[in-house]
Each structure stands twice: as C-alpha cells, then as structure tokens.
Amino acid sequence: MKLLHIINSLQVGGAEKLLVDLIPLLKELGHTVDILLLNGVDSCFKRQLELSGIKINYLGINNNIYNPFLIFKLVKYIKKYDIVHVHLFPSQYWVAIAKLFSFSKVKLITTEHSTSNRRRNIPFFKYLDIIIYRCYSKIICISDKTKDTLAEYIGKENNLEVIYNGIDVDKYKRETRTQSREELCNIPNYCFLIEQIAGFRIQKDQDTLIRSLILLPDNIHIAFIGDGERKCICEKLVDSLKLSSRVHFLGIRDDVPDLLKVADLVVMSSHWEGFGLAAVEGMAAKKAVIASNVEGLAEVVQGAGLLFKKGDNIELSSLIMNLYKDEMERNRIASACLDRSKEYDISIMLKNYERVYKEIVNG
C-alpha cells in the first residue's frame, strides 16, 4: 500500500509527534510511507524521521502555509499514492481542493486533532468546513469528545471514527540513563519537581501553572519542556512574580522519557485538548498526573489522575500541595496512571490505522 501523510510542518506538536511514532511502524509492516510538508523548515522531528529512512518531501522552506497557490504544487504529489492522509488546517483544505484539480481517484483521510479551533466561531467557515470534510473518505478523531464536537459542528457523519493516539509505553517505563537530575537538566535534586511538556501556545496555558507556584513552598520547582511563540511572555510572567529561581525553561528536548523519570509530578493545564498525548507520556513514566478538566484531556486522565477547573491556579496549587505532602497518595495515583497508559499503547493505534487504510483501499 502506498501512503502519503501531509502536514503543515514537523515543528514540535501533538499531531507531528503522532507521525514521528506511527510512520516508521507502518513502514515496518511493509507499506510505502512518505511525508509531504507544506513548510520543510528543519526540526528535531524532521531529523528523527529522516534517520528512520522515511522519505520527506516539502513544498518549500519557510513557506507561508496559508498561501492557496500551494494547491497547485500538491496536485503532482497526490496522484502517486493509494491513500493521502492529511493532518491539520490548512493542509486539510489545500489537499481536498488539490484532489479536485488532479482528477485522481486517490482516497483521502484526515485526522481531527482537537475538540476546538478558531474557525468554529466564524459562521462562514462552518459552511466551508462542511464541504471540505465531505471530501474525505474517513475522518479519524483522536478521542470520543473530538468526534462528538466535530459531529455537532458539521452534522452527523458516518465517516467519523475514533482512534486514540498512542505512545510506546515500554519506552517510558524503562529506567532513565541517569539518576542525577542535576546532570540531566541542571535542576537541584533536593527540590520537588513538576514537569509540563507542551508548546508555548495560548491553548496550553502555562500561565496558570506558573501562578500556582506563588502559593506553594519554595522547595517546589517547575520545568517546562518545549518552545513556542508565548515562551517569552511566560518568561516575563515568571520574572514579574519573582519565580526565576524556581521555574526552568528546558526548551525542546529529545530525551523526554529520561526527563519524566526525574519528575515528581506532571501537570497539563490546557484550555482545550483533543487528546492529551503528553499526559499519557507522564502516566507511562509512572508519574501522578494533574490536568485541567477540559474535553479530550479529561477523557484520558479522569479516574486515574486528578482534574482541576481550567484556569484555576488556586485549585491547582491545592492539588499539588496535597500530593507534595502525601507521598503514599502520590504513589497510588502514579500506579493508577501507569495502568491507564497501557490502554494507549501505540500497538493498538497502529492496528486500527492499518485496518482503516485497508478498508478504504478495498472499497
């Protein structure tokens, strides 16, 4: 089977991480799998896939991904494959339109990665989205809430299917290469360390976690793993609250499993999420996870980790304080989180994706 995955870029994010993990496994099953990027800017994910022997094409470096003329560049690519699998806006739009120009019988699939986006608040886009989504033979939703919100938005469709994101659980369960936190990330071993893995975007709401630190003992520190346009805003917030000695910005790292092993707690404070892959990573590393009670993320964490009202730094600080003081409860929650993470092993996701591809190709 010849598969092409198209995405805006391979900058760090949940959808991009999905491709980094999934595509080499599909190749191992004997499929021809390539990637096409609207913007081929360099990134650690891009380099990781290239080292795996995955063919990566791109339409340009530092392209404006919202340029509709990219449609005409896409036409020559999509005709060569049995299935084109598309991720994220505007790739979803450009590929759907490119197929019309290509007169190709290629089958289109897209994955819906979030429960919300800004287009859904604009009436014009609702009608346009309905047309675009109907160009896809299958829409894979990464959680039940993602499916429910999309069905409500575009109308009930029989081509929506839930396939949960997955991770290599064993990779996060393995022991870290070093037991020294100071050696790994230059953070004191004596402190109680909270970690968050997320891009610095409005969606991720690092601000609430930072503000929670004001109400917590000086021994509690935060490490942020990731980068993005709001990083400088968060750094200024940390400075204004005089928390610089307790908040650590580690940037983009390729040793996330090791970093999680030296954490005491994982917190996801998002305003919205389609799924919450970083929460699953924390659970697989056998860490207690606290997450905002938002659709998608709560679906993953509820019943194993703890939930708080989004944006409520006071409730969040209270939950953190309780687990800081009660190691036995923290360990109990961590064990429950590890058990939950096994439901999201990448082998399950791989099996379901391959099943969908075969169903589409066969009819």
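Name the strands (runs of 3 or more DSSP E) wholly within region 1-119 that hold at least 3 residues that are closer than 25 Å to Glu161 by Cβ, open to solvent by 20 Å² or more (accessible area, probe 1.4 Å) and at pLDDT below 95?
Filter on region 1-119 gives an empty set.
If you check Phe249 against the conditions, is it outside any helix (DSSP H, G or I), open to solvent by 50 Å² or more (accessible area, probe 1.4 Å) and of a type in the set (A, V, I, L, M, F, W, C)? Don't jump to the end; show me each part of the working.
Working: outside any helix (DSSP H, G or I): yes; open to solvent by 50 Å² or more (accessible area, probe 1.4 Å): yes; of a type in the set (A, V, I, L, M, F, W, C): yes.
Considered against the rule, which asks whether it is outside any helix (DSSP H, G or I), open to solvent by 50 Å² or more (accessible area, probe 1.4 Å) and of a type in the set (A, V, I, L, M, F, W, C), Phe249 comes out as yes.
Every residue, every condition in (1) surrounded by 15 or more Cβ atoms within 10 Å (Cβ to Cβ); (2) part of a strand (DSSP E or B), yes or no:
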site	(1), (2)
Phe125	yes, no
Ile130	no, no
Tyr136	yes, no
Ile139	yes, yes
Asp148	yes, no
Glu152	no, no
Asn158	no, no
Asn165	yes, no
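When residues of region 263-297 are filtered for being among the aliphatic types (A, V, I, L, M) and out of contact with any helix residue (DSSP H, G or I) (no Cβ under 8 Å at 6 or more places or on another chain), how many remain?
1
Conditions first: (1) surrounded by 21 or more Cβ atoms within 10 Å (Cβ to Cβ); (2) within 17 Å of the chain's Cα centre (by Cα). Phe308 passes all but one, so which condition is the exception?
Condition not satisfied by Phe308: (2).
Let's see how each residue does on (1) buried (at least 18 other Cβ atoms within 10 Å of the Cβ); (2) not in a strand (DSSP E or B):
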position: Cys232; (1), (2): no, yes
position: Glu235; (1), (2): no, yes
position: Asp258; (1), (2): yes, yes
position: Val267; (1), (2): yes, no
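For residues that are buried (at least 19 other Cβ atoms within 10 Å of the Cβ) and of a type outside the set (Ser, Thr, Tyr), scanning just region 167-183, find the one that is farthest from Gly13 (Cα to Cα). Reasoning before the result, please.
Residues of region 167-183 buried (at least 19 other Cβ atoms within 10 Å of the Cβ): 167, 169, 172, 181.
From what's left, of a type outside the set (Ser, Thr, Tyr): 167, 169, 181.
Numbers: Ile167: 14, Val169: 19, Arg181: 25 Å.
Checking each candidate, the answer is Arg181.
Select from region 211-228 the residues that are within 9 Å of Arg246 (Cα to Cα) and not in a strand (DSSP E or B) and write down the one among them that is most open to solvent (accessible area, probe 1.4 Å).
By that ranking, first place goes to Asp218.
The values are calculated or read from the model by the stated rules, or taken from the named source; none is laboratory data. A quick note: this is a predicted structure, and the numbers were derived from the prediction, not measured. When we count neighbours, we look across all protein chains shown, and the Cβ atoms used for this are built from the backbone with ideal geometry, even at glycine. Just the protein is used for accessible areas: all its heavy atoms, side chains included, with ligands, DNA and RNA removed. Shrake-Rupley method; radii C 1.70, N 1.55, O 1.52, S 1.80 Å.
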